[in-house]
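Report on one structure; see the data block that follows.
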Amino acid sequence: MDEDFDAAELWPVEPSLEVEELLVAAPDSLHHAVLAVQLRLMRDPWDPASASIGRDPHSRDIPLEGHAALLEYEIVPGPHRHVVITAVQWWHTDIEGGNPF
């Protein structure tokens, strides 16, 4: 993070219970990719690499670098703003057998 870093500007980012359970069994490389995106979303939940899912600008997805996978998340604005990771979608070409878990 740069010198202009202000902790008050960070967005809390947490995985849903379902995603948390999946990450426990995830390969290290996928787990690290999810963690890297979590850190990016703390700074900017509207990261330029992300895209809206459907018409709701608060439902978004972002590619996981180094994987044929997307991380889906929900931005919860307001006084208790935060981000919830709702899913990790992957394609069979990324990990032999099609399921990284």
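Using the number of other C-beta atoms within 10 angstrom as an exposure proxy, rank Val24, Val76 with the fewest first. Mind showing how you got there, number by number?
Values: Val24 8, Val76 14.
Fewest to most other Cβ atoms nearby, the residues stand as Val24, Val76.
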Hey, any idea what Rg/Rh is for region 11-90, computing Rh the Kirkwood way over Cα pairs?
0.94
What order do you get for 6-17, 41-52 when each peptide is scored by the mean count of other beta carbon atoms within 10 Å, highest first?
41-52, 6-17
Give me the angle, in degrees from 0 to 90, between the Cα long axis of helix 28-43 and the longest principal axis of the Cα atoms of the chain, rounded to the nearest 10.
20 degrees
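Every number in this text was worked out from the coordinates using simple rules, so none of it is lab data. This structure is a prediction, so every number in the text was calculated from the model and none was measured. No Cβ is skipped: glycine too gets one built from the backbone with ideal geometry, and neighbour counts run over all protein chains shown.
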